[in-house]
Amino acid sequence: MRTIFQYRLFLLFSFTFFIFIVTRGQSFVDINAGLQGISNSSVAWGDYDNDMDMDVLISGEISGGAAITKLYNNDQGTFNEVVSDFVGLRNGSVQWGDYDNDGDLDILATGDNSEGSTFIYKNENNEFIDINPGIEYFGDYSSAYWGDYDNDGDLDVFITGGWNSKLYRNDGQDNFVDSENEFMALSSSRASWGDYDNDRDMDLLVTGDTGGGMKLYCYKNTDGVFEEIEFANMGLASGSVEWGDYDSDGDLDILIMGFDDYIEPKANIFRNDGNHIFHNIYSGLPPVTLGTASWGDVDNDGDLDVLITGKLAGCGVFASSIHKNMGNDIFNDISAGLESAERSAAAWSDFDNDTDLDLILTGSNYSGSKFTNIYRNDMSLPNIMPIAPDNLSFGFNDNEVILSWDPGYDAQTPENGLSYNIRIGTSPQEYDNMSPMSHIENGFRKINAFGNVGQSTSWKINELEPGITYYWSVQTIDNTFQASEFSDEQSFYLTYTEINKNFYDEPHVTFHPNPAKNHIYFKTPGVVVNSISAEIYSLTGEKIKPLQVMDTERINISELKKGVYLVRTNLNGNQYTERLIVK
């Protein structure tokens, strides 16, 4: 393992190398990969065959109007089409994710298609099987996203578009169930998962057309229940939105582009100043729509730069450019020489494993021709892998296991800008409870993304089965999405008393269902009582509702707003407190 002293020597070398690169000139080179040209498109990089290089999945409309979905295998920088039975998609999205925690990448896909379906393709030995998940069809201009909203270690699905938005809970065995959370129905919409308030769960950012204007909503996640927060005058449609910490201060900022209420293109960066307050930094990005804007550290200097593509205001005016983060909220175009495009998509990836970010770009150019180009990054100073976290520890909080660690280290990315990636399994080096989408033996990432727990140095895990020893480790992710090796593995044994000692040591009071919507029932296993005294409190300690109920009596809670409450009961002089989730 490299020492911090060696990192500092490396930085001195890197600075000298960077001066050489600047004087020689900077460039992105089209490798002429020979991929099918598409527009109205979506692209996603991922190591689906576990050979430690990035393959690429594309979907969109080809010349003549047909829709396609194609997978290209990366063979040392040469891309070969993989024979598949994917249904063709346009005006949608494709995304990799290991939803079944088996170590290989599966596919989530939505958009306009001949089958009228939303698809999850399960990877079985590099063959893809449509599991027919029973998720609604969202149609044209929809997008879908993997994300573990309930902290149980498996990936759930959020889809928005087609005047609809829904969250589906992964219940295992290829079963996805409507979570019954309510979200704004939107069209031409996009979303992004991220823990913007650093409370150890994933919040959701959603932007799009409400039919009454373009709106941006943040859905703050508290124990799987979402509180809607509208970010006034920030919404755009027919573009993209992403969380990312461009100023490396430890909280997530917003990159957004698309049409505003006046059908004018816009592209903005909003700085997170805490307490749900975001300020427009007026970054000077080209105002575009019908395309993509994405964070990534293109020059390996440790901070997030911006890749952007799409249509400018006016007829037939397009742009594709990379903007270097200069600090102090300034972003400068580096003149990368990318082909300008509309109805375009772009994504970062280190396809040649030389530790800098290359990219794929699709769309329609000035002549109306559809293209798909892969560009090799020849401008960056070298990158060195981050150092893994250490001092891993664990604890218990009611029904949750809390995992904690000391920050990792990286020679370029500031400590507060790093993200982290957890694996959890029921045997050493396994990940059947939480997949990191990385190679365990060396940490190589199978997707280009921030870590699965964001920038936090602790995380909470729910619904682990008691009576089992769990093994876990963490890796550090820098802003080029390069990863450290995994930390030394730790383990913990989860006993029933650690889950909730009151429930197994003595007679107790409980209630069901939980989460609940309109009513709950109280019960007292192991003891018969005539009456139960209970009180419902807010999380701030305000008494909401006193109760005096009979065992198994139905209690109406329909007047409670969606959120999390505390229910305090008394039995034989003993008090019991449980969280109640109202959905």
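General remarks:
- Difference of contour (0.36 nm per residue) and Cα-Cα distance, residue 31 to residue 462: 150.6 nm
- Note on the range 33-88: with charges restricted to the Cβ of Lys and Arg (+1) and Asp and Glu (-1), its dipole about the Cα centre is near 300 debye.
- Too-long pairs where the Cα-Cα distance tops 19 Å, listed order kept, from 523/583; 70/122; 220/545; 70/166; 166/562; 166/266: 523/583; 220/545; 70/166; 166/266
- Since only 330, 361, 304 are under comparison, the one whose Cα sits farthest along the positive direction of the charge dipole of the chain, derived from C-beta charges on Lys, Arg, Asp and Glu, is 330.
- Highest mean packing first, where packing is the average number of other Cβ atoms within 10 Å per residue, the peptides 417-428, 314-325 line up as 417-428, 314-325.
- By the helix-only formula, in which each DSSP H run with n ≥ 4 contributes -39500 (n - 2.57) and the sum is divided by residues, the chain has a 222 nm mean residue ellipticity of -2000 deg cm²/dmol.
- The charge dipole of the range 196-256, taken about the Cα centre with unit charges on the Cβ atoms of Lys, Arg (+1) and Asp, Glu (-1), comes to about 340 debye, rounded to the nearest 20.
- The charge dipole of the chain, taken about the Cα centre with unit charges on the Cβ atoms of Lys, Arg (+1) and Asp, Glu (-1), comes to about 1400 debye, rounded to the nearest 20.
- The label point for residue 416 and the one for residue 127, both projected 7 Å from the Cα toward the Cβ, are 5.2 nm apart.
- Farthest toward the positive end of the dipole of the chain, out of 421, 537, 232, is the Cα of 232, where the dipole comes from beta carbon charges about the Cα centre.
- FRET efficiency for residue 75 and residue 178, using Cβ-Cβ distance with R0 set to 60 Å, rounded to 0.05: 0.90
- Measuring between their Cα centroids, the range 143-176 and the range 371-422 lie 24 Å from each other.
- Separation in nanometres of the label points that stand 7 Å from Cα toward Cβ, at residue 429 and residue 488: 1.8
- Solvent-free Debye scattering, log10 I(q)/I(0), computed from the Cα coordinates of the range 212-251 at q = 0.18, 0.23 Å⁻¹: -0.71, -0.96
- For the range 190-308, the relative contact order comes to 19 percent (Cα pairs under 8 Å, sequence separation of at least 6).
- Whole-Hz couplings from phi, Karplus 6.51/-1.76/1.60, listed for the range 366-373; x for Gly and Pro: 4, 7, x, 6, 8, 9, 9, 10
- Stretching the chain fully between residue 136 and residue 228 yields a gain of 30.9 nm (0.36 nm per residue, less the alpha carbon separation).
- In range of the label at residue 261: residues from the range 203-235 whose backbone nitrogen is under 17 Å from the point 7 Å along Cα→Cβ: 207-217, 230-235
- Between residue 521 and residue 328, the simple spin-label model (points 7 angstrom out along Cα→Cβ) gives 6.7 nm.
- For peptides 147-156, 166-175, 57-66, sequence by mean Cβ density within 10 Å, most packed first: 147-156, 57-66, 166-175
- Packing-based order for 553-561, 262-270, 130-138, using average beta carbon neighbours within 10 Å, highest first: 262-270, 130-138, 553-561
- Rounded tilt (10° steps) of 496-505 against the dominant C-alpha axis of the chain: 20
- The chain, accessible surface, carbon-and-sulfur percent (1.4 angstrom probe): 46
- Compared with the dominant principal axis of the Cα atoms in the chain, helix 4-24 is inclined by about 40°.
- Taking a ≥ b ≥ c as the square roots of the eigenvalues of the Cα gyration tensor, the range 220-318 is classed as oblate, since a/c reaches at least 1.5 and a/b does not exceed b/c.
- Euclidean distance of C-alpha centroids, the range 284-363 and the range 209-266, integer Å: 19
- Listed candidates [x] 1.52; [y] 0.99; [z] 0.96 - label of the one calculated as Rg/Rh (Cα atoms, Kirkwood Rh): [y]
- Our estimate of slack between residue 406 and residue 545, defined as 0.36 nm per intervening residue step minus the Cα-Cα distance, is 45.9 nm.
- Å² per residue, accessible surface of the chain at 1.4 Å: 40
The values are calculated or read from the model by the stated rules, or taken from the named source; none is laboratory data. Please read all numbers here as calculations on a predicted model, not as lab measurements. Note that we place each Cβ from the backbone using ideal geometry, even for glycine, and neighbour counts take in every protein chain shown. Heads up: the accessible areas ignore ligands, DNA and RNA and are worked out on the full protein's heavy atoms, side chains in. Shrake-Rupley method; radii C 1.70, N 1.55, O 1.52, S 1.80 Å.
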